[in-house]
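J.: Here it is, the structure in full.
The values are calculated or read from the model by the stated rules, or taken from the named source; none is laboratory data. Only a predicted model underlies this, so the values are computations on that prediction, with no experimental measurement involved. Here Cβ is always computed from backbone atoms with ideal geometry, including for glycine, and neighbour counts include all displayed protein chains.
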Amino acid sequence: MPTRIPVIIDCDTGVDDAMALICGLATDRLDIRAITVVAGNQTLDKTSVNTLNLVDFLGYKVKVSKGADKPLNRELITAEHVHGRSGMGGVKLPESSLRFYEKNAVETIAEEALAAEGQLEIIAVGPLTNIALAILAHPFLKKSIKRITLMGGSIDGGNHTPAAEFNVYVDPEAAQVVMNSGIPIVMVGLEVTEKAYLTKEEIQSLSLWHASDETSKTIKALLENMLEICTMFGYQGAVMHDPLALCYVLDESLIKTKAMAIQVETQGEITRGKTVADRYLVTDRKPNVQVGLEIDRLRFVELIKELLNKYIK
């Protein structure tokens, strides 16, 4: 048996974060030490409850730890127009009776990094506030975290503004801290996530599509919600931004990456949150990020199907 990968998933649970968590919990290849939650797609009170409710609904016992309720230096901007008032679109989960972990996200990250003895990986699929706060509070993390795989950024245009992807736009100062931390970073940005979609036909080919248990019905509702929203924005199917970052940790051959020097724009009036890549080597900055450039979409679709079909009762 391959060694399980110790990970923390840091998220702002909206619809595609929920799908990433569903996929992550389905595989025994990940040892999910904790799920840390940040404000982003919705306010922290909603993203944290969504996370706890989902973990409980799926029947798993994982630490869920609350993190930052706003960016480092800015007011919170949410994506309610995409994820709805609850953050979960129209999907309602039973209210969990579980309690949040007693330590906050910063202390949970530090605790698990120490316990994993240099092997901990972080899969970050929301604004990077929790990660930045942990690095600032505990500098030892710069050498104790094996890798951060993040969904965010773009070396071309953005999806929240013409310049910036949403997660980085929400807290560009946090993203800059993380990018310059010295921790190995893989940026799973819009160049690849927008190609990580499931068509309506591919979704309906899932074995669980024909199942009638509550878990399957909930997953179907999430997929239908994603498909509806993404179709409205002109995509060819349900775009799996956050699941792709998680799937890369499971199978690095899904994405071709290139090492680049990345800096985050924190001052620009119209370029806030832009992940600026030195693509043509015009500076003397050393590469600090592996940037995703190409995706094997069909292989990705097969992996998503494999993970989701594990929920068939």
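J.: List, please: which pairs have Cβ atoms under 7 Å, are six or more places apart or on different chains, and start with a residue in segment 270-285 that is within 15 Å of residue 179 (Cα to Cα) and of a type in the set (A, V, I, L, M, F, W, C) and end with one that is in a loop (DSSP other than H, G, I, E, B) and modelled with pLDDT of 95 or more?
T.: Close Cβ pairs (under 7 Å, with a partner that is in a loop (DSSP other than H, G, I, E, B) and modelled with pLDDT of 95 or more) amount to 276/265; 277/155.
J.: Here is a check on your reading of the model: is residue 271 touching an Asp or Glu at 6+ places or on another chain (Cβ under 7 Å), closer than 17 Å to residue 164 by Cβ and of a type in the set (Ser, Thr, Tyr)?
T.: Numbers: touching an Asp or Glu at 6+ places or on another chain (Cβ under 7 Å): yes; closer than 17 Å to residue 164 by Cβ: yes; of a type in the set (Ser, Thr, Tyr): yes.
Answer is yes for this residue.
J.: Taking only segment 2-49 into account, find how many residues are under 15 Å from residue 166 (Cα atoms) and not in a strand (DSSP E or B). Spell out the reasoning first.
T.: Step one: of segment 2-49, the residues under 15 Å from residue 166 (Cα atoms) are 11-17, 38-43.
Within this subset, residues satisfying the condition of being not in a strand (DSSP E or B) are 12-17, 38-43.
Summing the residues that are under 15 Å from residue 166 (Cα atoms) and not in a strand (DSSP E or B) in segment 2-49 gives 12.
J.: Which one of 104, 73 is of a type in the set (S, T, N, Q), out of contact with any strand residue (DSSP E or B) (no Cβ under 7 Å at 6 or more places or on another chain) and more than 14 Å from residue 17 (Cβ to Cβ)? Spell out how you get there, then give the answer.
T.: Numbers: 104 fails: out of contact with any strand residue (DSSP E or B) (no Cβ under 7 Å at 6 or more places or on another chain).
Within the list 104, 73, the selection yields 73.
J.: Checking the conditions here, which among 30, 114 is touching a Gly at 6+ places or on another chain (Cβ under 9 Å) and among the hydrophobic types (A, V, I, L, M, F, W, C)? Break it down stepwise before answering.
T.: Numbers: 114 fails: touching a Gly at 6+ places or on another chain (Cβ under 9 Å).
On inspection, the qualifying residue turns out to be 30.
J.: OK, next. Going by the structure shown, is residue 78 of a type in the set (S, T, N, Q), within 18 Å of residue 16 (Cβ to Cβ) and modelled with pLDDT of 95 or more? Talk me through it step by step, then tell me what you get.
T.: Details: of a type in the set (S, T, N, Q): yes; within 18 Å of residue 16 (Cβ to Cβ): yes; modelled with pLDDT of 95 or more: no.
When the stated conditions are applied, residue 78 does not pass them.
J.: Please specify each residue of segment 54-85 satisfying the condition of being within 23 Å of residue 100 (Cα to Cα), small (Gly, Ala, Ser) and crowded, with 18+ Cβ neighbours inside 10 Å.
T.: Result: 65, 67, 68.
J.: Filter segment 203-258 down to the residues that are of a type in the set (Phe, Trp, Tyr) and in contact (Cβ under 8 Å) with a residue 12 or more places away in the chain, then identify the one that is surrounded by the most Cβ atoms within 10 Å (Cβ to Cβ).
T.: Here the residue is 248.
J.: Condition first: farther than 21 Å from residue 177 by Cα and in contact (Cβ under 8 Å) with a residue 60 or more places away in the chain. Now tell me which residues in segment 42-82 satisfy that.
T.: Once the filter is applied, which keeps residues that are farther than 21 Å from residue 177 by Cα and in contact (Cβ under 8 Å) with a residue 60 or more places away in the chain, segment 42-82 yields 47, 57, 58, 79, 82.
J.: Going by what's in this entry, would residue 71 be described as closer than 26 Å to residue 170 by Cα and not basic (Lys, Arg)?
T.: In short, yes.
J.: Let me ask something additional. Where residues in segment 27-44 are of a type in the set (Gly, Ala, Ser) and farther than 24 Å from residue 303 by Cβ, which of them is surrounded by the most Cβ atoms within 10 Å (Cβ to Cβ)?
T.: Step one: list which residues in segment 27-44 are of a type in the set (Gly, Ala, Ser), which gives 34, 39-40.
Keeping just the survivors that are farther than 24 Å from residue 303 by Cβ gives 39-40.
On the way: 39: 27, 40: 30.
Looking at residues that are of a type in the set (Gly, Ala, Ser) and farther than 24 Å from residue 303 by Cβ, I get 40.
J.: Report, ordered by the first and then the second residue, all pairs with beta carbons closer than 7 Å, sequence separation of six or more or different chains, a first member in segment 295-313 that is among the charged types (D, E, K, R), and a second member that is buried (at least 20 other Cβ atoms within 10 Å of the Cβ) and outside any helix (DSSP H, G or I).
T.: 297/196; 305/206
J.: Scan segment 51-79 residue by residue and report those that are part of a helix (DSSP H, G or I) and of a type in the set (S, T, N, Q). I'd like the intermediate steps shown before the answer.
T.: Taking segment 51-79 as the starting set, the residues that turn out to be part of a helix (DSSP H, G or I) are 51-58.
Of everything in segment 51-79, those that are part of a helix (DSSP H, G or I) and of a type in the set (S, T, N, Q) turn out to be 51, 53.
J.: Criterion first (crowded, with 18+ Cβ neighbours inside 10 Å, assigned to a loop (DSSP other than H, G, I, E, B) and either of a type in the set (S, T, N, Q) or at pLDDT 95 or above (or both)) does residue 127 satisfy it? Please lay out each step first, then the result.
T.: On the way: crowded, with 18+ Cβ neighbours inside 10 Å: yes; assigned to a loop (DSSP other than H, G, I, E, B): yes; either of a type in the set (S, T, N, Q) or at pLDDT 95 or above (or both): yes.
Answer is yes for this residue.
J.: Where in segment 239-298 are the strands (runs of 3 or more DSSP E), entirely inside, with at least 2 residues that are closer than 21 Å to residue 174 by Cβ? Outline the logic, then answer.
T.: Working: elements: 255-260, 262-264, 275-277, 289-295.
Per the criteria, 262-264, 275-277, 289-295.
J.: Related question: Return the residues of segment 178-188 that are in contact (Cβ under 8 Å) with a residue 60 or more places away in the chain and assigned to a helix (DSSP H, G or I); say none if nothing qualifies.
T.: Listed by number, the list holds a single entry, 179.
J.: If a residue has to be surrounded by 18 or more Cβ atoms within 10 Å (Cβ to Cβ) and assigned to a loop (DSSP other than H, G, I, E, B) to count, how many in segment 161-177 make the cut? Don't jump to the end; show me each part of the working.
T.: Step one: of segment 161-177, the residues surrounded by 18 or more Cβ atoms within 10 Å (Cβ to Cβ) are 163-172, 174-177.
Still in the running and assigned to a loop (DSSP other than H, G, I, E, B): 163-165, 171.
Within segment 161-177, residues that are surrounded by 18 or more Cβ atoms within 10 Å (Cβ to Cβ) and assigned to a loop (DSSP other than H, G, I, E, B) number 4.
J.: For segment 100-107, indicate whether the set of residues that are at pLDDT 95 or above, within 21 Å of the chain's Cα centre (by Cα), surrounded by fewer than 21 Cβ atoms within 10 Å (Cβ to Cβ) and assigned to a helix (DSSP H, G or I) is non-empty.
T.: Yes, segment 100-107 contains a residue that is at pLDDT 95 or above, within 21 Å of the chain's Cα centre (by Cα), surrounded by fewer than 21 Cβ atoms within 10 Å (Cβ to Cβ) and assigned to a helix (DSSP H, G or I).
J.: In segment 189-207, how many residues are assigned to a helix (DSSP H, G or I) and either in contact with a Phe, Trp or Tyr (Cβ under 6 Å, 6 or more places away or on another chain) or of a type in the set (Ser, Thr, Tyr) (or both)? Walk me through how you get there before you give the answer.
T.: Filtering segment 189-207 down to residues assigned to a helix (DSSP H, G or I) leaves 190-193, 200-204, 207.
Among the residues that remain, those that are also either in contact with a Phe, Trp or Tyr (Cβ under 6 Å, 6 or more places away or on another chain) or of a type in the set (Ser, Thr, Tyr) (or both) are: 193, 207.
Number of matching residues: 2.
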